[in-house]
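Trainee: One structure is given below, represented as structure tokens, and several questions about it will come after.
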Amino acid sequence: MTSSSDRSQAVDVQEPKTYEVRTYGCQMNVHDSERLSGLLEGAGYVRAPEGSDGDADVVVFNTCAVRENADNRLYGNLGRLAPMKTKRPGMQIAVGGCLAQKDRDTIVKKAPWVDVVFGTHNIGKLPVLLERARVQEEAQVEIAESLEAFPSTLPTRRESAYAAWVSISVGCNNTCTFCIVPALRGKEKDRRTGDILAEIEALVGEGVSEITLLGQNVNAYGSDIGDREAFSKLLRACGQIEGLERVRFTSPHPRDFTDDVIAAMAETPNVMPQLHMPLQSGSDPVLKAMRRSYRQDRYLGIIEKVRAAIPHAAITTDIIVGFPGETEEDFEQTMHVAREARFSAAFTFQYSKRPGTPAATMENQVPKEVVQARYERLVALQEQISWDENKKQVGRTLELMVAEGEGRKDGATHRLSGRAPDNRLVHFTKPDQEVRPGDVVTVEVTYAAPHHLLAEGAVLDVRRTRSGDAWEKRNAAAAPKPAGVMLGLPKIGAPEPLPVATGSGCGCD
């Protein structure tokens, strides 16, 4: 016979609901997804196991609107989830991000099984909207027209114990004809410097040793608060934070890249010798059509100044091939800049129409086969340049921050992977002693490939770090089991995560 207390316990025991967040687009979306994960975990959800592929109680799509087929991709994925939702009572689907901001009610009309649609300005509402959709049994569409609160005040689920994103601004004041982001993210809004530094100090206190300052146009920081040198001052202030070993930022705009920023990079030891500077095109007429407020001479002048101040800097870029009206002569100017700039890597994109942008309706759209041929020529040139530039690293002794999940073949090759100060990926021989992600090793480069370096000799030194301690503690701790889904006030936490600065992947910088 079951006692009343036994029955009470049986009623109270409830498996926690699971969630999955699928992210498309730029670093801003990646960071927003960390906040969405933090919000859901603050509300009692737990992350679904890897490879669950939609088999979760809540599936969130954090969308991007900068690709021509972005909506087709979304609706295709939503269509695949429809039968799963039918078989799984209580499952919920939410769509947020730039495409949600742009299409609003269209999403629910095309996919009526979606429960929540929210925009780029009100991601903090997701748990409440999910609960409201559940109780009212109807879709909730809530799109804020302007930023309700700076996203960094929201809780975040950091993916890394040693590296973190830190947003310093949201939105963009530029009007590039190929980009819809300003229309969806709004005008630039800067955070207070004190708030940024307080967040970084809190992250360092948690064991983080590398931060990446993040903004849609990161070096325009200060335009909203009336200080043209605010970004260089911020870099120098980061240099005063004890325990912060590496500072990176992405993505800057050539228009706002001033000499004081170059000086701050060169004179602040923990600001890394790495720069991601979007080019988009080397042709002055194309840059004008793109509404990019610089020309080839200005761009190459910045590169020359950076190299003079920081000789070992690795410079990467974004390039769009086949913008409307691009001639063979225009394309050759892009090839010329690639040869002159000697980029260590370039994120190259074939132009595709972004619905809602001026470029989408421009005349003289370049035929697909022409774009493809030019793209292949540029990639071949950049591959050779990247390889040549990497060969210059052979014989150098480098300090690497050990990375997690960067070397897909590390298990088979008995190697580990890490990032050099200039952000180059280096695979190195696994030492006899324990090395953890976040620790620092010293190696000598023995081989160069276009996209990575090898250090095949013995590791010269291993430095155990607070970041390695934090990684070890995180992985040793058993995950506490939530008692169910609660919708109280979320905890405020410092933001985060990992990656390693690359291009935006959407050509919107």
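The values are calculated or read from the model by the stated rules, or taken from the named source; none is laboratory data. Only a predicted model underlies this, so the values are computations on that prediction, with no experimental measurement involved. Note: ideal-geometry Cβ built from the backbone for every residue, glycine included; neighbour counts use all protein chains shown. The accessibility values were calculated without ligands, DNA or RNA, using every heavy atom of the protein model including side chains. Shrake-Rupley method; radii C 1.70, N 1.55, O 1.52, S 1.80 Å.
Trainee: Somewhere in the range 321-334, is a residue in contact with a Gly (Cβ under 6 Å, 6 or more places away or on another chain), part of a helix (DSSP H, G or I), open to solvent by less than 10 Å² (accessible area, probe 1.4 Å) and at pLDDT 95 or above?
Mentor: yes
Trainee: Go through (1) at pLDDT below 95; (2) touching a helix residue (DSSP H, G or I) at 6+ places or on another chain (Cβ under 6 Å); (3) not hydrophobic (A, V, I, L, M, F, W, C) and name the single condition Thr250 misses.
Mentor: So Thr250 meets the others, but not (2).
Trainee: Being outside any loop (DSSP other than H, G, I, E, B) and either out of contact with any Gly (no Cβ under 8 Å at 6 or more places or on another chain) or in contact (Cβ under 8 Å) with a residue 60 or more places away in the chain (or both) narrows it down to one of Glu389, Glu406, so name that one.
Mentor: Numbers: Glu406 fails: outside any loop (DSSP other than H, G, I, E, B).
Exactly one of Glu389, Glu406 is outside any loop (DSSP other than H, G, I, E, B) and either out of contact with any Gly (no Cβ under 8 Å at 6 or more places or on another chain) or in contact (Cβ under 8 Å) with a residue 60 or more places away in the chain (or both), namely Glu389.
Trainee: Moving on. Give the number of residues within the range 98-124 that are open to solvent by 60 Å² or more (accessible area, probe 1.4 Å) and modelled with pLDDT of 85 or more.
Mentor: 4
Trainee: So which residues in the range 360-371 are part of a helix (DSSP H, G or I) and either open to solvent by 60 Å² or more (accessible area, probe 1.4 Å) or more than 26 Å from Glu340 (Cβ to Cβ) (or both)?
Mentor: If the condition is that a residue be part of a helix (DSSP H, G or I) and either open to solvent by 60 Å² or more (accessible area, probe 1.4 Å) or more than 26 Å from Glu340 (Cβ to Cβ) (or both), then Ala360, Thr361, Lys368, Glu369 are the ones that fit.
Trainee: Do the conditions hold for Asp432, that is, is it open to solvent by less than 30 Å² (accessible area, probe 1.4 Å) and free of Cβ contacts under 8 Å to residues at least 60 places away in the same chain?
Mentor: Values: open to solvent by less than 30 Å² (accessible area, probe 1.4 Å): no; free of Cβ contacts under 8 Å to residues at least 60 places away in the same chain: yes.
When the stated conditions are applied, Asp432 does not pass them.
Trainee: Quick test for you: out of Arg396, Arg374, pick the one residue that is in contact with a Phe, Trp or Tyr (Cβ under 6 Å, 6 or more places away or on another chain) and of a type outside the set (Ser, Thr, Tyr). Steps first, please.
Mentor: Numbers: Arg396 fails: in contact with a Phe, Trp or Tyr (Cβ under 6 Å, 6 or more places away or on another chain).
Exactly one of Arg396, Arg374 is in contact with a Phe, Trp or Tyr (Cβ under 6 Å, 6 or more places away or on another chain) and of a type outside the set (Ser, Thr, Tyr), namely Arg374.
Trainee: Within the range 435-464, can you find the residues that are open to solvent by 50 Å² or more (accessible area, probe 1.4 Å) and within 22 Å of Asn475 (Cα to Cα)?
Mentor: From the range 435-464, those open to solvent by 50 Å² or more (accessible area, probe 1.4 Å) are 444, 446-447, 451-452, 456, 458, 460-461, 463-464; that's our starting set.
Arg463, Arg464 - these are the residues of the range 435-464 that are open to solvent by 50 Å² or more (accessible area, probe 1.4 Å) and within 22 Å of Asn475 (Cα to Cα).
Trainee: Do you know which residues across the range 47-73 are touching a Ser or Thr at 6+ places or on another chain (Cβ under 6 Å) and open to solvent by less than 40 Å² (accessible area, probe 1.4 Å)?
Mentor: Correct list: Ala48, Ala56, Asp57, Asn62.
Trainee: In the range 217-247, what residues are at pLDDT 95 or above and aliphatic (A, V, I, L, M)?
Mentor: Once the filter is applied, which keeps residues that are at pLDDT 95 or above and aliphatic (A, V, I, L, M), the range 217-247 yields Ala230, Leu234, Leu235, Ala237, Ile241, Leu244, Val247.
Trainee: With the requirement that a residue be among the aliphatic types (A, V, I, L, M) and under 16 Å from Val379 (Cβ atoms), what does the range 332-359 give you?
Mentor: Once the filter is applied, which keeps residues that are among the aliphatic types (A, V, I, L, M) and under 16 Å from Val379 (Cβ atoms), the range 332-359 yields Met335, Val337, Ala338, Ala341, Ala345, Ala346.
Trainee: Enumerate the pairs (first residue in the range 266-291 and among the charged types (D, E, K, R); second residue anywhere and open to solvent by 50 Å² or more (accessible area, probe 1.4 Å)) with beta-carbon separation below 7 Å, excluding pairs fewer than 6 apart on the same chain, so at least 6 apart or on different chains.
Mentor: Final answer for the pair search is Asp284/Arg295; Arg291/Thr175.
Trainee: Mind checking which residues of the range 6-41 are in contact with a Gly (Cβ under 8 Å, 6 or more places away or on another chain) and either modelled with pLDDT of 85 or more or aliphatic (A, V, I, L, M) (or both)?
Mentor: Lys17, Glu20, Leu36, Leu39
Trainee: Name the helices (runs of 4 or more DSSP H) wholly within the range 258-319 that hold at least 2 residues that are among the aliphatic types (A, V, I, L, M) and open to solvent by 10 Å² or more (accessible area, probe 1.4 Å)? Spell out the reasoning first.
Mentor: Values: elements: 259-267, 284-290, 296-309.
Passing ranges, in order: 259-267, 296-309.
Trainee: On to the next question. So Thr327 passes all but one of these: (1) out of contact with any Lys or Arg (no Cβ under 6 Å at 6 or more places or on another chain); (2) hydroxyl-bearing (Ser, Thr, Tyr); (3) within 21 Å of Phe249 (Cα to Cα). Which condition number does it fail?
Mentor: Thr327 satisfies every listed condition except (3).
Trainee: Is there a residue in the range 127-149 that is free of Cβ contacts under 8 Å to residues at least 60 places away in the same chain, surrounded by fewer than 21 Cβ atoms within 10 Å (Cβ to Cβ), basic (Lys, Arg) and assigned to a helix (DSSP H, G or I)?
Mentor: The answer is yes; a qualifying residue exists.
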